[in-house]
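The next block holds one structure in the form of structure tokens; read it before the comments.
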Amino acid sequence: MTQTVLANADLDAALAEARQAYVARNPRSLARFVEATTAMPGGNTRTVLHYDPFPLAMARGEGCRLWDLDGAEYVDFLGEYTAGLYGHSNPVIRAAIDRALDQGISFGASNATEARFAAVVCARFGLDRVRFTNSGTEANLMALATACAVTGRRGVLVFRGGYHGGVFTFAGGGSPINAPFDFVVAPYNDIEGTLALVDRHGASLAAIILEPMQGSGGCLPADPAFLAALRDAASRIGALLILDEVMTSRLAPGGLASVHGIKPDLTTLGKYIGGGMSFGAFGGRAELMDRFDPRRPDAFPHAGTFNNNVLTMSAGLVGLTSIYTADAAAELNARGEALRQRLNALCQAASAPVQFTGIGSMLAVHTQRGPVRTPADAARDDAKLKELFFFDLLAQGLWLARRGMMALSLPIGQPECDRLAAAVEEFLSARRSLLAGQG
Ligand SMILES: Cc1ncc(COP(=O)(O)O)c(C=O)c1O
């Protein structure tokens, strides 16, 4: 008991020191933040980017490197929360955007690129038809609205810890500004608990929606049996199974559904698929998606000024066809898999309460010893240790999400992976006495 109290006091002191050093290193980011608070609430227009005492602001990126406002260089292990898969200023993407700009943007008309891009997206992710949106949030909104319209029901089974966009947040206590569907919140990776809720609410459920690996929730892969049970349950009750692959589609050439052999009714996509431009998409079974065919007298409407914007269409098309090919996807994910195993081996060798979960090119740190399979497990992470990990890695020139998530981009190679492994080793060694008292 006394030992734990002492260790906690030491952890508080280490954290205070790490924060102080961060403040001292980043006067320009602090000044930007203070100025930003006058026009934006909390100086912020994207909640995930805020952390105390103030968020770092970046000035420039190139390849897998970023430079902050104070001139410090970082290896970008965040990869824009999976959207930055191509790295900064990939020359092939850049050339595609330049070519598009040369032809002019915003035609207020169909263009030559959108159907080619749609065909590539359909072939790649096993969809009969697809429609584009501007964000993953919007894609999920459309998919859920479609499910409600075709089933005549209002209920949506979601999962604790899930994240489907700014108005679909199910971590912690959820969000007061979630979109007004009748949500039933089920326990992720818990077949029995989930099926009990399906039995109780089945008749009113329009959809079951989930991430095949919770991304924001801490890179928690769904058990294959859990996914299979949900596929069965959705079919049994006449609800749509919607797989949110906004993040996970990068984890295998055909997305994570293809790895599990699961056929959802609808899939939602986003992030890197737009080549770094704003992007979202929803697609799947023809008889559902064809409800949007505007030639039908009873067609569902789906407009969106920028749905087919030529910058996204052009960057996305060249990205999937000539950069993130099936081979490139397999290679990037193998690199990530090897990296995660290497980091976990370091943690085990140090007997530290630190571990990395994930699949392939996505990983997240957890600061505890126990198994981390569910959001309830993840909630047991030591928050202070995780914060210290973040500030220590930043001090070593590595950029990652404040919550500990990382996503490899294509320009990240062996030297960068070696640097991350060395930084984690340094953390485990420099903080050895603190780590021994925790977890
Ligand atoms: C699984 C998942 N779905 C949907 C979204 C929302 O996408 P967007 O930020 O493009 O609205 C995200 C964003 O992080 C996500 O991780």
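The values are calculated or read from the model by the stated rules, or taken from the named source; none is laboratory data. No experiment lies behind these values; they were computed from the predicted model shown. Here Cβ is always computed from backbone atoms with ideal geometry, including for glycine, and neighbour counts include all displayed protein chains.
Of all residues in the range 270-318, those that are part of a helix (DSSP H, G or I), more than 13 Å from the ligand (Cβ to nearest atom) and closer than 23 Å to Asp98 by Cα total 8.
Of the residues in the range 181-194, how many are without any contact (Cβ under 8 Å) to a residue 40 or more places away in the chain and either among the polar types (S, T, N, Q) or in contact with a strand residue (DSSP E or B) (Cβ under 9 Å, 6 or more places away or on another chain) (or both)?
Restricting attention to the range 181-194, the residues satisfying the condition of being without any contact (Cβ under 8 Å) to a residue 40 or more places away in the chain are 181-186, 191-194.
So of that shortlist, the ones also either among the polar types (S, T, N, Q) or in contact with a strand residue (DSSP E or B) (Cβ under 9 Å, 6 or more places away or on another chain) (or both) come out as 181-186, 193-194.
Residues that pass the stated criteria total 8.
Among the residues of the range 219-250, the one identified as away from the ligand (no atom under 16 Å from the Cβ) and among the hydroxyl-bearing types (Ser, Thr, Tyr) is Ser235.
The residues of the range 345-383 that are closer than 24 Å to Pro411 by Cβ and either surrounded by fewer than 19 Cβ atoms within 10 Å (Cβ to Cβ) or over 19 Å from the mean Cα position of the chain (by Cα) (or both) amount to a single one, Leu346.
Taken over the range 191-219, the criterion of being of a type in the set (D, E, K, R) and crowded, with 20+ Cβ neighbours inside 10 Å is satisfied by Glu211 alone. When each of Ser258, Ser216 is tested for being away from the ligand (no atom under 15 Å from the Cβ), hydroxyl-bearing (Ser, Thr, Tyr) and either closer than 25 Å to Tyr81 by Cα or assigned by TED's automatic domain parsing to the domain that holds Thr146 (or both), the lone residue that passes is Ser258. In contact with a strand residue (DSSP E or B) (Cβ under 7 Å, 6 or more places away or on another chain), polar (S, T, N, Q) and within 16 Å of the ligand (Cβ to nearest atom) - does that describe any residue in the range 164-176? Checking the range 164-176: at least one residue is in contact with a strand residue (DSSP E or B) (Cβ under 7 Å, 6 or more places away or on another chain), polar (S, T, N, Q) and within 16 Å of the ligand (Cβ to nearest atom).
Scanning the range 123-139 for residues being within 19 Å of Met277 (Cβ to Cβ), of a type outside the set (Asp, Glu) and part of a helix (DSSP H, G or I) gives a total of 5. Note on the range 141-155: residues that are away from the ligand (no atom under 15 Å from the Cβ) and buried (at least 24 other Cβ atoms within 10 Å of the Cβ) amount to 2.
The number of residues in the range 295-324 being without any contact (Cβ under 8 Å) to a residue 24 or more places away in the chain and under 19 Å from Leu127 (Cα atoms) comes to 0. Of the set (1) of a type in the set (D, E, K, R); (2) within 27 Å of Arg46 (Cα to Cα); (3) crowded, with 17+ Cβ neighbours inside 10 Å; (4) away from the ligand (no atom under 16 Å from the Cβ), all apply to Arg131 but (4).
Considered as a group, the residues in the range 330-365 that are part of a helix (DSSP H, G or I), in contact with a strand residue (DSSP E or B) (Cβ under 8 Å, 6 or more places away or on another chain) and not hydrophobic (A, V, I, L, M, F, W, C) include one that is farthest from Lys384 (Cα to Cα), and that residue is Asn333.
Beta carbons closer than 7 Å, at least 6 apart along the sequence or on distinct chains, pair a first residue in the range 124-142 that is of a type outside the set (Phe, Trp, Tyr) with a second that is within 9 Å of the ligand (Cβ to nearest atom) and assigned to a helix (DSSP H, G or I) for Thr133/Ala139; Gly136/Lys271. Between Tyr81, Tyr74, the distinction of being closer than 23 Å to Leu251 by Cβ and hydroxyl-bearing (Ser, Thr, Tyr) belongs to Tyr81 only.
Of everything in the range 313-362, what is of a type outside the set (A, V, I, L, M) and closer than 30 Å to Ser433 by Cβ? Give them in sequence order.
So in the range 313-362, the residues of a type outside the set (A, V, I, L, M) come out as 314, 316, 319, 321-322, 324-325, 327, 331, 333, 335-337, 340-342, 344, 347-348, 351, 353, 355-358, 360-361.
If the condition is that a residue be of a type outside the set (A, V, I, L, M) and closer than 30 Å to Ser433 by Cβ, then Arg340, Gln341, Arg342, Asn344, Cys347, Gln348, Ser351, Pro353, Gln355, Phe356, Thr357, Gly358 are the ones that fit.
Among the residues making up the range 315-350, a single one is of a type in the set (Ser, Thr, Tyr) and touching a Leu at 6+ places or on another chain (Cβ under 8 Å): Tyr324.
To keep it simple, each residue is scored yes or no on (1) of a type in the set (A, V, I, L, M); (2) more than 16 Å from the ligand (Cβ to nearest atom); (3) surrounded by 18 or more Cβ atoms within 10 Å (Cβ to Cβ).
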| residue | (1), (2), (3) |
| --- | --- |
| Asp70 | no, yes, no |
| Glu73 | no, yes, no |
| Gly79 | no, no, yes |
| Thr82 | no, no, yes |
| Ser89 | no, yes, no |
| Val92 | yes, yes, no |
| Ala123 | yes, yes, no |
| Ala139 | yes, no, yes |
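Does any residue of the range 34-43 turn out to be in contact with a Gly (Cβ under 9 Å, 6 or more places away or on another chain), more than 19 Å from Val318 (Cβ to Cβ) and part of a loop (DSSP other than H, G, I, E, B)? No - not one qualifying residue is present in the range 34-43. Among the conditions (1) in the same structural domain as Ala407 (by TED's automatic domain parsing); (2) within 16 Å of the ligand (Cβ to nearest atom), Asp52 misses just one, which is (2).
Could you grab me the full set of residues in the range 66-96 that are among the aromatic types (Phe, Trp, Tyr) and in a loop (DSSP other than H, G, I, E, B)? Quick ask: steps written out before the conclusion?
Applying the first criterion (among the aromatic types (Phe, Trp, Tyr)) to the range 66-96 yields 67, 74, 77, 81, 86.
Of everything in the range 66-96, those that are among the aromatic types (Phe, Trp, Tyr) and in a loop (DSSP other than H, G, I, E, B) turn out to be Phe77, Tyr86.
If you go through the range 252-278 and keep only what is of a type in the set (Lys, Arg) and surrounded by fewer than 21 Cβ atoms within 10 Å (Cβ to Cβ), you end up with just Lys263.
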